[in-house]
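Participant: Submitted below is the structure of interest, expressed as structure tokens.
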Amino acid sequence: MKPEALLHPTPAGLYCPPGDFYIDPVRPVDRAVVTHGHADHARSGHGAVLATPETLEIMATRYGEDFTERRQSAEIGEVVNLNGVALWLVPAGHVLGSAQAVVEHKGTRMVVTGDYKRRRDPTCAGFEPVPCDVLISEATFGLPVFRHPDTAGEVAKLLHSLEQFPERAHLVGAYALGKAQRIIRHLREQGYDETIYIHGAMQRLCDLYERLGVPLGPLAPATVKDGRGAKQDFEGKVVVCPPSAMGSTWARRFPDPVIAFASGWMRVRQRAKQKGVELPLIVSDHADWDELTDTVREVDPHQLWVTHGREDALVRWAEVEGRVARPLHLIGYEDEND
Amino acid sequence: MIRFAGLLDRLIFTPGRNAKVRILTDYFREAPDPERGWAVAAITRDLDIKTIKAGQIKQLVYTRVDGALFDMSHDYVGDLAEAAALIWPEKPGQNYVPTLTDAVETLNGVTRTEALEVVERWFDALDASGRWALIKLATGGLRIGVAARLVKVALAEYGGKPVQEIEELWHGLKPPYLSLFSWLEGGEKPASAAAAPFRPVMLSHPIEEADKPKIDLAEMSAEWKWDGIRVQAVREGDERRVYSRTGDDIGGAFPDILAAMPFDAAIDGELLVFDPHVRDRFAVRPFNDLQQRLNRKTVSQKMMKSHPAFIRAYDLLWLEGEDLRPLPFEERRARLEGLLLREHRASPDGDERFDLSEVVDLPDWDALATARANPPLDAIEGVMLKRRSSVYVPGRPKGEWWKWKREPFLVDAVMMYAQRGHGKRSSYYSDYTFGVWKDAENGRELVPVGKAYHGFTDEELRKIDKYVRDNTIARYGPVRSVRADEDKGLVLEIAFEGLGRSTRHKSGVAMRFPRVSRLRWDKPSREADTIETLEAMLPEEA
Ligand SMILES: [Zn+2]
Ligand SMILES: [Zn+2]
């Protein structure tokens, strides 16, 4: 069958007419397949949600137990029949529970990557390429200037700054889901075993990660105790907070903080400067340019559909490579802070 | 190159001065000779390689990547060097990574064509930061917002020496500064090798009310405080230099002064611009005119004609081989007067560019207060008091020299935009753009006239910050647009030192050193000042 008949873009998101379901819909629908727990992909209010058990738990943690009328848990690789369409989930390596959605019907197989990356992430299963007719790839960092450096090197920058400025708190802005826990895991792997302080908004997600088997080491809430001298408690400490908290009144409790920000956008100096970041850490949960192009070559689909980010550049690259490629122009997916 | 690029990356993003000094001293400790010396020269811009043009870098990139993709990337990133550094495809297997020393030594000794070949090879071996640093170095575009002065402070800190000693030596030293580093690490102090060296300057204290009883006016000599920039003009044989007060050589922008130094002397004075239409003596133009000639590496003939510079001398530090600094001020003054008179008599029709800052007779506090409040010229910003017996010592010795600046100008303006600060203030809206009323087609509108980011206490900052957050009408990145109309708006009393005409500002005026002097929570926004009030404060036209 024609791929457009199996999956096509609609204002609510990618829709599968024969299976009557949406993938990562941005509006409430009857049946949603959700690739991962980030807010722009996983919204509350759907009639039914099919996702990995981890993603369902993340959604319940973020939105409350009643985020959907019906949960359908699908283990990785478990084939589900949705009105005759076969669907299964494959690891995407983006955050805990993240998956690609594989859709197969009448001999046509399409893979929706969701958000993904190829490099190692100690908090989730790695991306697995799936041969297919149509690959629908994200392109958040779809420009050849985005080449994320080695993660360990970026984390080492943070450790070095802690040594250089032992009297200053180090405030690390990181997405509350995924990035924060990944940074913490990397710090642990690189020998940092002191207590890491976390913003209140991260507490429940960190607890969930622990419960799902991702050990994060000693954590404590970044709250100032009653009484004097509490500000000094954060000297030379690592404090992880959501990016939005870095410029908020909350950040004032720390002594002359070093503002660090873990994000793929930190690759571009002007972006880092604009945000007032003193220590940019180029760590992203999205594929960089090389990962995107390597993945397309490896999967080698008959067609490449591009969504979510710099569609023009990746489509251009694919065409120069002699591939069939098109932009999808889906709207509603924002990864400004990754 | 990688270590140097890492240093630049840290310095670019670090707002705090002390933090920058620590990053520099740690680097000096870690990097070997001669690399650290080349790094110092690159940052202080004493290293001019400029072997490659930006356009050549672009052509080089086109040979390696799809031009359309590069153009999209360049568009997105903005800076060519950065886009090129980031997009360059890696070539695994390059096993020699060039150091900064390799880069400097090689690029200085090759032709343009050879340079491009070398750079291409190094691009393959470096990472993105390293490539960026290399491009900036090779195209002569290294600007990272670190003043030469700060590097000297860091060197002083590293070696535990007073910064004045480094300033004094500086112009006799050459990159990569091996003798300097050796001294800072306990070796012998390098001989002061340069002719016409800089001599660290003596500074004054501002007079507060409480100081007055401590100052015996009978021991003091009074002068005007000129509104120019403090310089030191030195000639020794063929060597002629004009230094800023921190020892930066700014002579390149003032060839008219360099050409008119007939004496072997070191003169401390104020750099000013005079009115070329007044033949008589130097009729001083306001600071705004001098501004046209500052911060340039070179100057056009036209500019030198329309804005001729001169030095109003007030001290003589060295004369024909003799160090006068140990002499009392009175005696140095007498020698200075004698020198200027002698030169004037020697060539009365020559192109003189030095005159004397007169001693003014202001015997008591009343006379001083009157003179300070009503100076005879726009180019005077207050009065100076110098102890007649004072010897010339670097820094700010207690009780020797005093300055009493005129009261600042004041204006009531309305806050229009607020921006988040840096470092300790990064969670506060602490930088404010303010405006005054101007007639427009439909009633009045605010026109921005300046920016201020200090003058308030921490307590006040917290209040303003809350006001900004509560009254935001739009956001643009770190900037918030704050409600400001006839009915609502925060009035700031702004103090500033002077006002000039400006074509770069929509309002047509530019303030010097604006700061918040008072928060007018009580004042309705519609009662803030108008642009006419400011225009009336402008100095008369040339
Ligand atoms: Zn995501
Ligand atoms: Zn996303």
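The values are calculated or read from the model by the stated rules, or taken from the named source; none is laboratory data. Quick caveat, the model's predicted, so the values are computed rather than measured. Backbone-built Cβ (ideal geometry, glycine too); neighbour counts: all protein chains shown.
Participant: For B:Trp404, only one of the following conditions fails: (1) in contact (Cβ under 8 Å) with a residue 60 or more places away in the chain; (2) in a loop (DSSP other than H, G, I, E, B). What is its number?
Facilitator: Tallying (1) in contact (Cβ under 8 Å) with a residue 60 or more places away in the chain; (2) in a loop (DSSP other than H, G, I, E, B), B:Trp404 fails exactly one: (2).
Participant: Could you tell me whether B:Lys488 is over 31 Å from the mean Cα position of the chain (by Cα), surrounded by 13 or more Cβ atoms within 10 Å (Cβ to Cβ) and outside any helix (DSSP H, G or I)?
Facilitator: When the stated conditions are applied, B:Lys488 passes them.
Participant: Return the pair list, or none, for Cβ contacts closer than 9 Å from residues in segment A:297-310 that are free of Cβ contacts under 8 Å to residues at least 60 places away in the same chain to residues that are away from ligand 2 (no atom under 16 Å from the Cβ) and not in a strand (DSSP E or B), at least 6 apart or on different chains.
Facilitator: Pairs found: A:Arg297/A:Glu321.
Participant: Kindly evaluate B:Arg480 against the criterion of being outside any helix (DSSP H, G or I), at pLDDT 90 or above, of a type in the set (D, E, K, R) and closer than 19 Å to A:Thr249 by Cα.
Facilitator: yes
Participant: So which residues in segment B:426-465 are among the small types (Gly, Ala, Ser), without any contact (Cβ under 8 Å) to a residue 12 or more places away in the chain and closer than 30 Å to B:Ser502 by Cα?
Facilitator: B:Ala440
Participant: Give just the number: which of (1) within 16 Å of ligand 2 (Cβ to nearest atom); (2) assigned by TED's automatic domain parsing to the domain that holds A:Thr123 does A:Val299 not satisfy?
Facilitator: (1)
Participant: With the structure loaded, tell me whether B:Val411 is surrounded by fewer than 17 Cβ atoms within 10 Å (Cβ to Cβ) and of a type outside the set (Ser, Thr, Tyr) or whether it fails that test.
Facilitator: No; evaluated as a whole, the condition is false for this residue.
Participant: Select from segment A:307-330 the residues that are more than 14 Å from chain B (Cβ to nearest Cβ) and either under 27 Å from A:Asp121 (Cα atoms) or within 16 Å of ligand 1 (Cβ to nearest atom) (or both) and list them in ascending order.
Facilitator: Correct list: A:Thr307, A:His308, A:Leu330.
Participant: Taking the residues in segment A:245-274 that are assigned to a loop (DSSP other than H, G, I, E, B) and within 7 Å of chain B (Cβ to nearest Cβ) as candidates, determine which candidate is surrounded by the most Cβ atoms within 10 Å (Cβ to Cβ).
Facilitator: Step by step, filter segment A:245-274, then rank; the result is A:Val268.
Participant: Follow-up. Could you tell me which numbered condition B:Ser221 fails, if it satisfies all but one of (1) closer than 30 Å to B:Pro376 by Cβ; (2) modelled with pLDDT of 95 or more; (3) within 28 Å of the chain's Cα centre (by Cα)?
Facilitator: (3)
Participant: Determine which member of the set A:Lys179, A:Lys117, A:Lys106 is among the basic types (Lys, Arg), more than 16 Å from ligand 1 (Cβ to nearest atom) and either away from chain B (no Cβ under 14 Å) or surrounded by 15 or more Cβ atoms within 10 Å (Cβ to Cβ) (or both).
Facilitator: One residue alone meets the criteria, A:Lys106.
Participant: Within segment A:148-158, track down each residue that is crowded, with 21+ Cβ neighbours inside 10 Å and either within 16 Å of ligand 1 (Cβ to nearest atom) or assigned to a loop (DSSP other than H, G, I, E, B) (or both).
Facilitator: A:His148
Participant: Here are some conditions: (1) within 18 Å of A:Tyr333 (Cα to Cα); (2) touching a helix residue (DSSP H, G or I) at 6+ places or on another chain (Cβ under 8 Å). A:Leu14 meets all but one. Which one does it not meet?
Facilitator: Of everything listed in (1) within 18 Å of A:Tyr333 (Cα to Cα); (2) touching a helix residue (DSSP H, G or I) at 6+ places or on another chain (Cβ under 8 Å), A:Leu14 misses just condition (2).
Participant: Of all residues being assigned to a loop (DSSP other than H, G, I, E, B) and free of Cβ contacts under 8 Å to residues at least 24 places away in the same chain in segment A:12-38, which is nearest to A:Gly126 (Cα to Cα)? Just the residue, please.
Facilitator: Among those that are assigned to a loop (DSSP other than H, G, I, E, B) and free of Cβ contacts under 8 Å to residues at least 24 places away in the same chain, it is A:Pro25.
Participant: Keeping to segment A:259-273, report how many residues are of a type in the set (Gly, Ala, Ser), at pLDDT 95 or above and in contact with a strand residue (DSSP E or B) (Cβ under 7 Å, 6 or more places away or on another chain).
Facilitator: Here the count works out to 2.
Participant: Considering only segment B:45-69, state which residues are surrounded by 20 or more Cβ atoms within 10 Å (Cβ to Cβ) and within 14 Å of chain A (Cβ to nearest Cβ).
Facilitator: B:Val61, B:Leu69 - these are the residues of segment B:45-69 that are surrounded by 20 or more Cβ atoms within 10 Å (Cβ to Cβ) and within 14 Å of chain A (Cβ to nearest Cβ).
Participant: Collect the residues in segment A:41-72 that are within 16 Å of ligand 2 (Cβ to nearest atom) and out of contact with any His (no Cβ under 9 Å at 6 or more places or on another chain), keeping them in residue-number order.
Facilitator: A:His41, A:Arg43, A:Met59, A:Arg62
Participant: Has segment B:157-168 got at least one residue that is of a type in the set (Gly, Ala, Ser), in contact with a Lys or Arg (Cβ under 8 Å, 6 or more places away or on another chain) and not in a loop (DSSP other than H, G, I, E, B)?
Facilitator: No, that holds for no residue.
Participant: Restricting to segment B:16-44, and then to whatever is surrounded by fewer than 17 Cβ atoms within 10 Å (Cβ to Cβ) and assigned to a loop (DSSP other than H, G, I, E, B), can you tell me which residue is nearest to the other protein chains (Cβ to nearest Cβ)?
Facilitator: B:Pro32
Participant: Could you please find all residues in segment B:364-395 being part of a loop (DSSP other than H, G, I, E, B) and modelled with pLDDT of 90 or more?
Facilitator: Scanning segment B:364-395 gives B:Asp364, B:Arg388, B:Ser389, B:Ser390, B:Val391, B:Tyr392, B:Val393.
Participant: Out of B:Ala413, B:Ala440, B:Ala418, B:Ala452, I need the residue that is within 14 Å of another protein chain (Cβ to nearest Cβ) and among the hydrophobic types (A, V, I, L, M, F, W, C). Which one?
Facilitator: That would be B:Ala418, the only listed residue that is within 14 Å of another protein chain (Cβ to nearest Cβ) and among the hydrophobic types (A, V, I, L, M, F, W, C).
Participant: Any idea which of A:Arg267, A:Arg310, A:Arg252 is outside the structural domain of A:Tyr22 (by TED's automatic domain parsing), of a type outside the set (A, V, I, L, M, F, W, C) and under 20 Å from B:Ala85 (Cα atoms)?
Facilitator: Matching residue, one of A:Arg267, A:Arg310, A:Arg252: A:Arg267.
Participant: Criterion first (over 14 Å from A:Asp288 (Cα atoms), among the basic types (Lys, Arg) and not assigned by TED's automatic domain parsing to the domain that holds A:Asp312) does A:Arg109 satisfy it?
Facilitator: No: the conditions fail for A:Arg109.
Participant: Shifting gears a bit: Filter segment A:55-80 down to residues that are charged (D, E, K, R), touching a residue at least 40 places away in the same chain (Cβ under 8 Å) and under 27 Å from A:Ile331 (Cβ atoms), then give me how many there are.
Facilitator: Adding up the residues that qualify gives 1.
Participant: Could you count how many residues in segment A:126-141 are part of a loop (DSSP other than H, G, I, E, B) and within 15 Å of ligand 1 (Cβ to nearest atom)?
Facilitator: So the count comes out to 3.
Participant: Considering only segment B:72-104, how many residues are within 14 Å of chain A (Cβ to nearest Cβ) and closer than 17 Å to B:Ala138 by Cα?
Facilitator: Qualifying residue count for the region: 9.
Participant: Considering A:Asp285, A:Asp312, which residue is at negative phi and either within 12 Å of ligand 2 (Cβ to nearest atom) or among the aliphatic types (A, V, I, L, M) (or both)?
Facilitator: Going through A:Asp285, A:Asp312 in turn, the sole match is A:Asp285.
Participant: Which of the residues spanning segment B:225-244 are buried (at least 21 other Cβ atoms within 10 Å of the Cβ) and of a type in the set (Asp, Glu)?
Facilitator: Across segment B:225-244, the qualifying residue is only B:Asp227.
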